[in-house]
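Notes to accompany the following structure.
Each reported figure results from applying straightforward, stated rules to the coordinates on display, with no laboratory input. All figures in this text were calculated on a predicted structure; none of them were measured in a lab. Cβ placement follows ideal geometry from the backbone for every residue including glycine, while neighbour counts extend to all protein chains displayed.
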Amino acid sequence: MTADSKVRPANAWDDEAPDSVPVPPWDAQQVQALLARERPLSPWRVVASQAVVGGLLALAWWLLGSAPAQQVRSTVWGAAAVVLPHALMAWGLRRQAVQAQAALLTFLVWELIKVGLAVVILVAAARLVRDLSWPALLVALIACLKVHLGAWWWLSRAVRQTN
């Protein structure tokens, strides 16, 4: 059997393949119905949720910790390393860009600023806080970061219920 005699499988990218059926554009009523059904998640609600999680962890360390003052101080630094950069990014992204390229560039610049500020806060905590409790700091840091996953889960759950 030669290479020429082999049957080529159908390729979805062939020019000879039939084109898909075009999707008609939405009218204004359909867009309004979608916007009414799918409420966007405010970044400020995510930042507030992160702050609440940080506060609850600080309260837990204060009530249950072996060295409460040290652990609460470390928890506040860990939560601040997440909450403050996210709040700054939410503030920076408050305006909508007209073009997709501008929106992407704006997002990337603010993401870079957010990561840089988080690193600065963590380095400052390591240098300035005497008797830093690394477990308390890391627990607060990870817990506050996981608020995004909770928000993503909550949104996907709400979308599944409306569809």
Arg45/Ile142 FRET efficiency (R0 25 Å; Cβ-Cβ; nearest 0.05)
0.80
So what is the orientation-averaged projected area of region 28-163, using the convex hull of its C-alpha atoms, in nm²?
10.0 nm²
Mind ranking 93-100, 110-117 by how tightly packed they are, going by the mean number of other C-beta atoms within 10 angstrom, highest first?
110-117, 93-100
So what J values fall out for region 72-85 if you push phi through Karplus, 6.51 cos²θ - 1.76 cosθ + 1.60 with θ = phi - 60°, rounded to Hz, Gly and Pro as x?
5, 4, 5, 5, 5, 5, x, 5, 5, 5, 9, 5, 5, x
Ranked highest first by the average count of other Cβ atoms within 10 Å around their residues, in what order do 66-75, 80-89, 144-153 fall?
80-89, 66-75, 144-153
Run the numbers for Leu104 and Ala33: contour at 0.36 nm per residue of separation, minus the present Cα-Cα distance, in nm.
22.9 nm
I'd like the FRET efficiency for Arg130 and Trp91, computed as 1/(1 + (r/R0)^6) with the beta carbon distance as r and R0 of 35 Å, rounded to 0.05.
0.65
Scalar couplings 3J(HN,Hα) for region 38-46 by Karplus 6.51 cos²θ - 1.76 cosθ + 1.60 (θ = phi - 60°), nearest whole Hz, x for Gly and Pro, are 10, 6, x, 7, 6, x, 5, 5, 5
